[in-house]
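Before any comments, here is the structure.
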Amino acid sequence: MKHLGQAAPITSEKYIEPPRLTLMDKTTDPKSVLTNLVELVIREERSYEDYAEQIEDKAFELCESGEITGAVEKLTAITCFFESLHDKNDEQCRDLADVYLLLGQIHQFAGLYNDSIPWFSKAAIVDDRYAAPFHSMAVSYVQLEQSENAIRCFEQELVLSPGNYYTYLLLADIYQKENRGMQVEDCLKRLLERNPENIQGLHSLIKHYERSDQTIDTSLLVRRLMGINRQLSRVEVVIKAYYFCREKRYTEVLDFIDSWTGGSGEAVTITDLIKAHTYREMRQYKKSTQILQKFRIRNHGRYDIMLVKLQEFEVMFGSCAGNALRRRLFLSSTKI
């Protein structure tokens with residue numbers, strides 16, 4: 001939640017780095033540290049921005065130890081301070097919105113989704129150009145299974161920040177679950193108009209067409225996806241590997257995976273499973289088994305860890321492919 005904060009009351013024009021509370025301070029108790037930070041802001045010795053990161057860290061430390069009430073109490077003191085200011089400037093409005101947002105996220109972190117929404121609403125009201133509260137509010141509505149409200153918030157977020165590409169995917173997923181095919185298509189097309197090389201968006205649109213109307217030729221979209229050669233994220237690599245396998249370009253997928261991992265250790269994750277699956281499709285069962293043995297060793301034989309990675313593999317490659325690998329790893333098909 002970093003942004004340009006209110007200038008500190010200093011006499012020199014040169015910026016002075018705000019002091020951080022460290023292990024050398026008298027106390028490292030998160031509640032005490034948070035109290036000190038809040039008091040500095042309220043006394044206007046420093047702007048909220050100067051200590052925003054530390055305040056957030058200490059507030060979440062309190063929540064992790066089950067002291068959400070204490071964190072809320074301290075943060076509410078900051079909101080009262082900002083609310084009492086007359087003729088707040090833009091920076092002060094954003095600071096207040098950030099504290100409201102943090103209060104909502106703390107409740108969200110604790111699973112108190114209903115309680116988080118009023119705080120996000122306050123953040124959106126005090127700074128109506130701020131996209132983050134609408135995104136966070138939508139996440140709470142998703143958890144509460146209130147699809148209409150989630151859609152409304154995600155759409156408003158995109159009005160304010162149309163470059164938040166991942167939000168289009170979240171929104172399309174909601175539309176898909178609500179069986180709103182036209183909205184799915186429109187949402188993904190909006191994403192691809194802004195970001196033509198969005199591999200997740202292309203994949204989602206291909207799968208949408210294949211589910212909704214098998215007469216639609218998706219080959220051009222597949223070719224477009226496969227032609228993207230920029231540096232890819234882990235998720236994008238899995239998607240592209242899936243299409244290599246789907247087109248039975250097995251040698252290419254192996255070269256592609258090896259080129260991407262480059263001995264970086266990423267093969268410890270899902271890429272081992274992709275290679276094992278590929279060798280199995282090539283009927284090179286010995287190599288497939290060797291890859292799975294390495295996968296087991298790299299994950300220390302932990303069934304729970306391996307199962308999570310198998311489930312991720314299945315999301316893209318399907319349950320049949322996943323079950324085939326699971327049998328080779330002697331894992332149950334049910335969740336451990």
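At-a-glance table
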read-out: Number of the exception - ARG230 against (1) in a helix (DSSP H, G or I); (2) touching a residue at least 12 places away in the same chain (Cβ under 8 Å); (3) loosely packed, with under 15 Cβ neighbours inside 10 Å; value: (1)
read-out: Within segment 77-129, considering residues that are hydroxyl-bearing (Ser, Thr, Tyr) and surrounded by fewer than 23 Cβ atoms within 10 Å (Cβ to Cβ), the one farthest from the chain's Cα centre (by Cα); value: SER84
read-out: Options ALA59, ALA71: the member that is closer than 12 Å to VAL38 by Cβ, crowded, with 19+ Cβ neighbours inside 10 Å, touching a Cys at 6+ places or on another chain (Cβ under 7 Å) and not hydroxyl-bearing (Ser, Thr, Tyr); value: ALA71
read-out: Residues that are of a type in the set (Ser, Thr, Tyr) and more than 22 Å from the chain's Cα centre (by Cα), drawn from segment 196-225; value: TYR209, SER212, THR215, THR218, SER219
read-out: Selection from segment 56-82 of residues that are closer than 26 Å to CYS93 by Cβ and not aliphatic (A, V, I, L, M); value: GLU56, ASP57, LYS58, PHE60, CYS63, GLU73, LYS74, THR76, THR79, CYS80, PHE81, PHE82
read-out: Count of residues meeting criterion [touching a residue at least 12 places away in the same chain (Cβ under 8 Å) and surrounded by 13 or more Cβ atoms within 10 Å (Cβ to Cβ)] in segment 248-264; value: 6
read-out: One residue from ASP50, ASP87 being in a helix (DSSP H, G or I) and modelled with pLDDT under 95; value: ASP50
read-out: Residue satisfying all of: in segment 206-227; within 25 Å of THR271 (Cβ to Cβ) and among the aliphatic types (A, V, I, L, M); surrounded by the most Cβ atoms within 10 Å (Cβ to Cβ) among these; value: LEU225
read-out: Residue ID - modelled with the highest pLDDT, chosen from residues in segment 233-247 that are surrounded by fewer than 16 Cβ atoms within 10 Å (Cβ to Cβ) and closer than 15 Å to LEU273 by Cβ; value: VAL235
read-out: Residue satisfying all of: in segment 157-186; in contact (Cβ under 8 Å) with a residue 24 or more places away in the chain and among the polar types (S, T, N, Q); nearest to ARG211 (Cα to Cα) among these; value: GLN176
read-out: Odd one out for VAL41 among (1) modelled with pLDDT under 95; (2) within 23 Å of HIS135 (Cα to Cα); value: (2)
read-out: Candidates LEU169, LEU221, LEU191, LEU225, filtered to the one that is under 30 Å from TYR130 (Cα atoms) and touching a Phe, Trp or Tyr at 6+ places or on another chain (Cβ under 8 Å); value: LEU191
read-out: Qualifying residue in segment 283-303 (condition: buried (at least 20 other Cβ atoms within 10 Å of the Cβ), touching a Leu at 6+ places or on another chain (Cβ under 8 Å), among the polar types (S, T, N, Q) and more than 28 Å from LEU170 (Cβ to Cβ)); value: no
read-out: Single residue of ILE151, ILE117, ILE125 found to be farther than 27 Å from ASP95 by Cβ and modelled with pLDDT of 95 or more; value: ILE151
read-out: In segment 171-192, residue nearest to the chain's Cα centre (by Cα) [restricted to those that are over 14 Å from LEU221 (Cβ atoms) and charged (D, E, K, R)]; value: ASP173
read-out: Pick from segment 101-143, criterion part of a loop (DSSP other than H, G, I, E, B) and not hydrophobic (A, V, I, L, M, F, W, C), ranking: nearest to PHE82 (Cα to Cα); value: ASP127
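Here's the yes/no breakdown for (1) touching a residue at least 40 places away in the same chain (Cβ under 8 Å); (2) among the basic types (Lys, Arg); (3) assigned by TED's automatic domain parsing to the domain that holds TYR166:
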{"site": "LEU220", "(1), (2), (3)": "no, no, yes"}
{"site": "LYS240", "(1), (2), (3)": "yes, yes, no"}
{"site": "LYS275", "(1), (2), (3)": "no, yes, no"}
{"site": "SER288", "(1), (2), (3)": "yes, no, no"}
{"site": "ILE291", "(1), (2), (3)": "no, no, no"}
{"site": "HIS300", "(1), (2), (3)": "no, no, no"}
{"site": "ILE305", "(1), (2), (3)": "no, no, no"}
{"site": "PHE313", "(1), (2), (3)": "yes, no, no"}
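The values are calculated or read from the model by the stated rules, or taken from the named source; none is laboratory data. No experiment lies behind these values; they were computed from the predicted model shown. With ideal geometry, Cβ positions are generated from the backbone for all residues, glycine too; neighbour counts draw on all protein chains shown.
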